Structures are given as structure tokens and as C-alpha cells.
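Right, one structure below, let's go through it.
The values are calculated or read from the model by the stated rules, or taken from the named source; none is laboratory data. Keep in mind that what you see is a predicted model, and the values were worked out from it rather than measured. Cβ: placed from backbone, ideal geometry, glycine included. Neighbour counts: every protein chain shown. With ligands, DNA and RNA removed, areas are computed over all heavy atoms of the protein, side chains included. Shrake-Rupley method; radii C 1.70, N 1.55, O 1.52, S 1.80 Å.
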Amino acid sequence: MEKLVLGIECTAHTFGIGIVEVTKKEVLFNEKNVFRDDNNGMDPRKLSEFHISNFDSILLKAKQYLASINKSFSDLSLITFSQGPGQGNSLKVAGLVAKTLSLKYRVPIVGVNHIRSHLEIGKMHTGFEDPLFLNITGVNSQVIAQSEHDKNYVVYGETEDIGLGNLLDSVAREFDLGFPGGPKIEEIAKSGKHMMSIPYTIKGMNVSFAGMISNIKQKKQYFENKKEIELLSGEKIVYNKYEDFLADICFSLQETVFAMIQEVAERALAYTNKKELVLVGGVAANKRFVEMTKAMCKTREVTYDALPLPLCMDNGVMIAWAGYVRYLELGDKSRGQGDLSGLKPMPYITVENNI
Ligand code: AMP
Ligand code: MG
């Protein structure tokens, strides 16, 4: 029997709703509104005002979708929502919308850890049994895998300061490229020719990105003052055209940060002996990053896969699927684990903040 699960994502910039038919692992609906403010990034108050003013448009689309397949919210088997970690006020919007739907339509509800949802959708989509995950998002840069011992997710390596996506966004803001910065930097990097020397900081299994921003700001000053800039080869160069300088900055930044992530991932593969790797998170949209990760996996004879863009970025589908996985874990022995049929309304909320 088909089971429809609806997931609500609202941890930061995205209010998204996804609907998954969980018995066939089929993504039926995936819509979202994304907040953007090119000048100020994510101001928490503006962010929650945006979600409060706009969530209903996505909810309406979900309702219309369900109507198009002769269903309604009452036919859902489960409602799930992003419970954390995230921006406090945004999380309240997710919780409030989910709880209201659950009470009104008498559907059970489960709260989901946002980071875990990136991993679970990675497993669902690839069909991998036990992969190493590279979770590279705006705020996170993590190498994660399930422990052999108890199957809990373990963070083997991560950033010690800012996330890789936020680094790209900050550098893009420095050069007035707008938000989100990652795709802009990717495009401009294609015309880069020279590899500049950018701090490459790995501490054990962890990476550090924060120092790169001041280094790049310094390079910008050198460019403006027509001073020599040192390349990785030791050569020195004075840039005359802003476009050439910017292209080399984007190119060098990408090559450096992606290589750092590969090095940590490679160490984690050697340590855990995993044979599968999956890229998740918004930065996985970057083609150069994917190319480098694939090449690294090939040399280590590790099977590689990634998610399509709509499942990489924050979205409601990953919350729906991870909520379902969590629901099965919580179980209800009297009804048989994993059987959602015949459920009475259970407007309970479960919390799992640690992965
Ligand atoms: P998430 O936090 O998972 O929603 O991912 C958002 C982050 O992904 C933002 O910091 C974006 O700049 C980054 N991002 C999106 N597309 C790309 C891309 N093509 N290359 C690099 N970073 C990207
Ligand atoms: Mg995310």
C-alpha cells in the first residue's frame, strides 16, 4: 500500500516541502522558496519574516499537487519537519506549520535532524549501503560515516571554523558577486590561468578556511595598488585587468579548498575502509568539485555517486525521507515496526539533535 510522507524544511534560507512515496522511494513533489539578500546575507529577523510571509504559497502548491493525484493532507501517513540545527526563528516556522497540519489533518508527526537528513537522502538516492559522506554545505564541511560498531553517524573530520559554502559566499561578497557566491565563483574560475598561493590548512582530519578570507582581501589590496602577487610556483605577477585577477582568485580558491577536502576524505577512506563515497550538500553542485572527488575515488577504487541538484540543496524531500527513517527507528512494537497503516493521530514530537 502506498504511503505518502510530507517533509517541511526550514532551517535557514529555504522553506521547502517535499512529498515522498516511501514504499517505492519515489519523490513526488519538491518545491521551495529561497530567501536571498545580496547585500546583507541572512539577517535572522528578515529570514523568519520571509518564511512567515511565504510559506503558504508552497503549502498551497503541495495541496494542489495532492489534489491532482486525488489525495489530500488527510491521506498523508506522516508529517516530518526540520527540528534543528538551524536559525531559531526559521525552525519555529517549520515546527508550527508541521504541527498545525498534523493537528488539523490528524497525521502523526516527527522532528528530524537536518544534517542527518542530508545523509539519509544520500543513501536513499544512491542505494549505497555504507558510504563515507562528504557533507559540504553553507555552514558545514564534514566527513561522516556510520560506525561499524553501533551504526551511529560519526564525524571523522570537519571545518574548525566556517563552512566551505560560507567561505565561497564571503569571498563572493568581497567582490560584489552576489549571493549565493558558490555558483558565481565556479563560473568565473573557468577563465582562471594562474594558481596563486592560498593558505592550505589541514589539522589532522580537520580543515580551516577562515584565514583565506584575509589572505584574499590582502591580494585584492595588492591588485588595487599594482603590487606583485606571488603564485604557487614562486613566480610573481602584476595584474593589469580586474577580470584576470578575479578569475585567478576564483580558480586558485576552488583548487585549494577542494584539494583540502579531498585530502581529508582520502584519509577518512583509508581509516574507515569504506568502499563507497557520496557527496551531499549545496557545494556538491560544483562540477569541478565533483570532478576532483570522482578522480580521488577512482584512484582508491571507491564507488562514487552524488545527488541531483534539487536533492543536494536544502529541500523538503530529504526531511520527508529522513523523518520516515527516524519514524521506523522509533518504532511502535505493538503495531509492528515500520507499519504506518491504521495509525491513530499522534501529535507527538521527538527530538534527535545529535547524529
Ligand atoms: P546548503 O547549505 O546545503 O543549502 O548549500 C548552500 C551553499 O552551497 C551556499 O553556500 C552556496 O554558495 C553553495 N553552492 C551552491 N551552488 C554551488 C556551486 N555551483 N559551487 C560551489 N558552491 C555552491
Ligand atoms: Mg543544509
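Fraction of C-alpha pairs exceeding 26 angstrom in the range 132-273: 29 percent, rounded to a whole number.
Listed by chain and number, the aspartates and glutamates whose alpha-carbon sits under 19 Å from that of K151, ignoring those within fewer than 8 places in the same chain, are E120, E129, D130, E276, E329, E352. Per-residue extension of 0.36 nm, minus the Cα-Cα distance of I202 and K46, leaves a gain of 52.6 nm for this segment.
Taking label points 7 Å from Cα along the Cα-to-Cβ direction, N225 and D37 give a separation of 3.4 nm. Based on Cα contacts under 8 Å between residues 6+ apart, the range 132-273 shows a relative contact order of 25 percent. Pairwise Cα distances in the chain exceed 38 Å in 22 percent of cases. Descending by average beta-carbon neighbour count within 10 Å, the peptides 232-239, 158-165 line up as 158-165, 232-239, the highest first. Ligands, DNA and RNA are left out, and with a 1.4 angstrom probe the accessible area of the chain is 45 Å² per residue.
Relative contact order, whole percent, for the range 134-202 stands at 22, derived from Cα pairs under 8 Å and 6 or more residues apart. Computed from backbone phi, the HN-Hα couplings of the range 145-159 come to 8, 7, 6, 4, 6, 10, 6, 5, 6, 10, 8, 8, x, 7, 6 Hz, rounded to whole numbers (Karplus: 6.51 cos²θ - 1.76 cosθ + 1.60, θ = phi - 60°; Gly and Pro given as x). Angle of helix 242-272 to the longest C-alpha principal axis of the chain, folded into 0 to 90 degrees and rounded to 10: 60°. Rounded to the nearest 20 debye, the dipole size of the range 132-273 about its Cα centre is 300 debye, using +1 on the Cβ of Lys and Arg and -1 on the Cβ of Asp and Glu. The spacing between the range 248-265 and the range 38-68, judged by their C-alpha centroids, is 34 Å. For the chain, the longest principal axis of the C-alpha atoms and the axis of helix 88-105 are separated by about 20°.
Where both bridge residues fall in the chain, DSSP classifies roughly 60% of the beta bridges as antiparallel. When +1 charges are put on Lys and Arg Cβ atoms and -1 charges on Asp and Glu Cβ atoms, the dipole computed for the range 48-186 relative to its Cα centre reaches about 960 debye. Ligands, DNA and RNA left out, the accessible area of the chain computed with a 1.4 Å probe is 50% carbon and sulfur.
Once you've got the Cα coordinates, tell me which of K184/K274; K3/K123; K184/K219; K24/K71; K63/K99; K24/K294 are over 25 Å apart.
Cα-Cα > 25 Å for K184/K274; K24/K294; rest within.
Other residues lying with their Cβ under 13 Å from the Cβ of A98 contribute a combined charge of +2, Lys and Arg counting +1, Asp and Glu -1.
Only lysines eight or more places from K46 in sequence, or on another chain, were considered; those with a Cα closer than 22 Å are K32, K92. Over the chain, dividing the summed -39,500 (n - 2.57) contributions of all DSSP H runs of at least 4 residues by the number of residues returns a 222 nm mean residue ellipticity of -14500 deg cm²/dmol. Peptide packing: for 177-184, 196-203, the average count of neighbouring Cβ atoms within 10 Å per residue gives the ranking 177-184, 196-203, highest mean first. Taking 21 Å as the straight-line reach from the Cα of K226, the lysines in range (excluding those fewer than 8 positions away in the same chain) are K193, K217, K236, K241. Between 0 and 90 degrees, the angle of helix 287-299 with respect to the longest Cα principal axis of the chain falls at about 90 degrees.
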